1. Check region 326-334 and report whether any residue there is open to solvent by less than 10 Å² (accessible area, probe 1.4 Å) and over 25 Å from ALA464 (Cα atoms).
2. Being without any contact (Cβ under 8 Å) to a residue 60 or more places away in the chain and polar (S, T, N, Q) is the filter; apply it to region 73-116 and report the residue that is surrounded by the most Cβ atoms within 10 Å (Cβ to Cβ).
3. From the list THR35, THR25, exactly one residue is open to solvent by 20 Å² or more (accessible area, probe 1.4 Å) and at pLDDT 90 or above. Which is it?
4. Kindly state which strands (runs of 3 or more DSSP E) lie completely within region 435-543 and contain at least 3 residues that are out of contact with any Phe, Trp or Tyr (no Cβ under 9 Å at 6 or more places or on another chain) and surrounded by 20 or more Cβ atoms within 10 Å (Cβ to Cβ).
5. What is the one condition in (1) over 26 Å from the mean Cα position of the chain (by Cα); (2) at pLDDT 85 or above; (3) small (Gly, Ala, Ser) that ALA143 does not satisfy?
6. Tell me yes or no: at least one residue of region 460-474 is at pLDDT 85 or above and more than 21 Å from GLY292 (Cβ to Cβ).
7. When you go through (1) within 27 Å of VAL30 (Cβ to Cβ); (2) open to solvent by less than 60 Å² (accessible area, probe 1.4 Å) one by one for ASP147, which number turns out not to apply?
Amino acid sequence: MGFPALDELARLDWADWPTRYVLFTGKGGVGKTTTASGAAVALATAGVRTLLISTDPASNLDDVFGLAAGSQPTPVPDLPGLWVANIDPEQAAADYRERALAPYRGVLPDSALATMQEQLSGACTVEIAAFNEFTTILASDTASEYDRVLFDTAPTGHTLRLLTLPNAWGGYAQDHPAGASCLGPLAGLERQRRQYQDAVATLADPARAFAERQQLALSHAPAALHQLPIRAVDLIASDITGIPALKQLISGKPGTDVVAEPSIPIAFDDLDALIDELDAAGQGVVLTMGKGGVGKTTIAAAIAVALADRGHQVTLSTTDPAAHLADALADETHDGLQVERIDPAAETARYSAEVLHAAVGLDAEGRALLQEDLRSPCTEEIAVFRAFAATIDQANDRIVVLDTAPTGHTLLMLDAAESYQREIKRTNANVPDAVRELAQRLRDPQFARVIIVTLAESTPVHEADRLQADLRRAGIEPFGWLVNASLAQTATTHPTLLARARAEHVHLDRVQHLSEHRTWSVAWQQQPPTGIAALRQIAGATPAMR
């Protein structure tokens, strides 16, 4: 038995949350903030004292509720019983980095400090610093004042598991400096050990939170997902801001859409204009980068097919575990197109086995800690690095189009002599020339062209901005930004879609500013663009949508 049909899905009961702690989690842009905010309003309206906490760096709780919330609970005007708090994980991570580096300023050389700072610039530092902030709220005396505590963006299972391992709080990071990626950030937070243990125990208690059930369900995905309670939230025409809009959302009776004026055209080039530039370059590597769900695979496949149509020999490859190039191409072939895939699971398993084999002398707890740390997202990036380098090496005499690539943080870590040599030492690996030369080749704008792919929505644009900053830290300047699935680029006359098209304009303006006007766009398509004919269509003239 699979999922019910869309029209058979039960609608969400916004005030029905039987546990005290409720965690809303998922990829950026899926509606976590709107759903969490709607639930918070429904609970407060029902007389339940509720605290809503966001740890999302792209949080827009201030816009939703029309206030300026900080890290301490702030009451929402005109709605007694509701408080909100905004935790800025990036600022928390910056504060942590400064506390960690301050004792060494003037003691260590600048190069050593730069390497230490980069080691503390990854996703693990941000997540652990955010966890530190919201456990501080949970541990405070005021936490007991609330009947429900809702989290907009929850800590990952990896962080929660890592914090339950005893050796994470011991001397492992000091005794094993070649250890993995999350222990450095964690080691600086020893003072909060008991606070974290209490928070993890609270979140893991199935009588008080959903975390255990979520983790169990995800560990059996996808076959068991249909066994979970499934509720639906209807699509709303406009952005949900303000308590009246939230109350209308949770009522299940959204107001009648107003037919807006036609959407104003945005001065973005189409995908064909980008392909003209790549065609003129003749060789090198094209990298589509962005967060999950923005359409990198489709865009990469469309670019590869178009370049092959123009007579180039093209390799199309991916390092994205969720990407399905065969699906995008509908298993069709093209004489000028060679399709490959770097399997992150296989590369990570191979890399992890090498690390564990080299980690002699560990006791059972130390080995468990190392195994958990190897589940970090950073491990996967490093593991595919060698295979990625080999694929890029093909670009000397052909065009390589790659869907997803190592982040700027990973490149900087491996480019730093001390860190790089430590990685090589612990894996006992040989270093091919392709790996040695990769960082510099990716910094060469005549060889590598990075296309940042996003959607015309708040969270995807914010995450793309962070990705651009990450790349620039590594000395890689993006070639430009591409907005995928844009309703503003269609000729829709449907009132709901037209209203959403107009709502994209603020995000499209921000993309133009962030990209310094190196922008392209692909219109939203009525049907998924799969197969070579459909990919050719999105690379050329875009059909009108009704």
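The values are calculated or read from the model by the stated rules, or taken from the named source; none is laboratory data. Every value quoted in this text rests on a predicted model; they were computed, and no experiment measured them. Glycine also receives a Cβ, built like all others from the backbone with ideal geometry; neighbour counts cover every protein chain displayed. The accessibility values were calculated without ligands, DNA or RNA, using every heavy atom of the protein model including side chains. Shrake-Rupley method; radii C 1.70, N 1.55, O 1.52, S 1.80 Å.
1. Within region 326-334, one or more residues are open to solvent by less than 10 Å² (accessible area, probe 1.4 Å) and over 25 Å from ALA464 (Cα atoms).
2. It comes out as ASN86.
3. Sole residue among the options that is open to solvent by 20 Å² or more (accessible area, probe 1.4 Å) and at pLDDT 90 or above: THR35.
4. Fully inside region 435-543 and qualifying: nothing.
5. (2)
6. yes
7. Condition not satisfied by ASP147: (2).
Table: residues versus (1) touching a strand residue (DSSP E or B) at 6+ places or on another chain (Cβ under 8 Å); (2) open to solvent by less than 10 Å² (accessible area, probe 1.4 Å); (3) at pLDDT 80 or above.
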residue	(1), (2), (3)
LEU356	no, no, yes
ASP363	no, no, yes
GLY366	no, yes, yes
CYS378	no, no, no
ILE382	no, no, no
